[in-house]
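Bear in mind that the values in this text are calculations on the coordinates, not laboratory data. The structure presented is a predicted model; accordingly, all values stated were derived computationally and were not measured. Virtual Cβ from ideal backbone geometry, glycine too; neighbours counted across all protein chains shown.
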Amino acid sequence: MTGIMIQTLTGAYLAAATATDLRWRRIPNVLSLAALAAGAGLHLFGLESVSLSGFLWLLGLGYVFYALGIFGGGDAKLVAVLGFLLGPERAAAVLLYGLVWLVLWLLPARMLHFGWRRFWREEMLGLMLLAARVKLSGAPRVDACHVPAAPFFLAGFLTVLVLEVVA
């Protein structure tokens, strides 16, 4: 379990990232650098501990998601900063719960948009093409910037906090 200062810093970072992601569909580099610097400052003064291994692991994971087109660049950096502040295990939990919240939000919207039968056909085809890494020249490219991910990571962070209190 991390300390209250790191949790507050992480919550403030995610709230600011959510605000910018919703408004401009981007997470500024200065925001991520400020969170990294604040976490490093807390660590240097002996107030909290941070995780360099969490940063590196989640930077790699964020890059994989970015390369696959699932995340935008700001989302990948956000995940790496979460790894630095929370450590690899908690940051992975935040990422997992954030993606669960994203799927729970997207599935009903896509079902209403496409209808039940076309939804399943589109999703199965998309999963097969993603698994095969096939790119269709005539198909529109899915842009990760259309869906802001930061609000879902904030929801994932709050879910982790609630589950820690309950457990």
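Miscellaneous remarks
- Value of relative contact order over the chain, rounded to a whole percent, pairs C-alpha under 8 Å and six or more apart: 30
- Over 13 Å [Cα-Cα, the range 1-43], rounded percent: 54
- Among the chymotrypsin sites (Phe, Trp or Tyr not before Pro) in the range 20-119, those placed in a DSSP loop whose Cβ has at most 12 other Cβ atoms within 10 Å are F45.
- Between 0 and 90°, nearest 10: helix 88-114 axis offset from the chain longest Cα axis: 30
- The length gained on full extension between R25 and F114, counted as 0.36 nm times the residue separation minus their Cα-Cα distance, comes to 29.6 nm.
- Excluding exposed DSSP-loop trypsin sites (Lys or Arg not before Pro) (at most 14 other C-beta within 10 Å), longest clean stretch of the chain: 1-132
- In the list (i) 22.0; (ii) 10.8; (iii) 21.0, the label attached to mean projected area of the Cα convex hull in nm² as derived from the coordinates here is (ii).
- With the convex hull drawn around the C-alpha atoms of the range 1-81, the volume per residue stands at 85 Å³.
- Signed unit charges on C-beta, dipole axis of the chain, positive-most listed residue I4, G115, I27: G115
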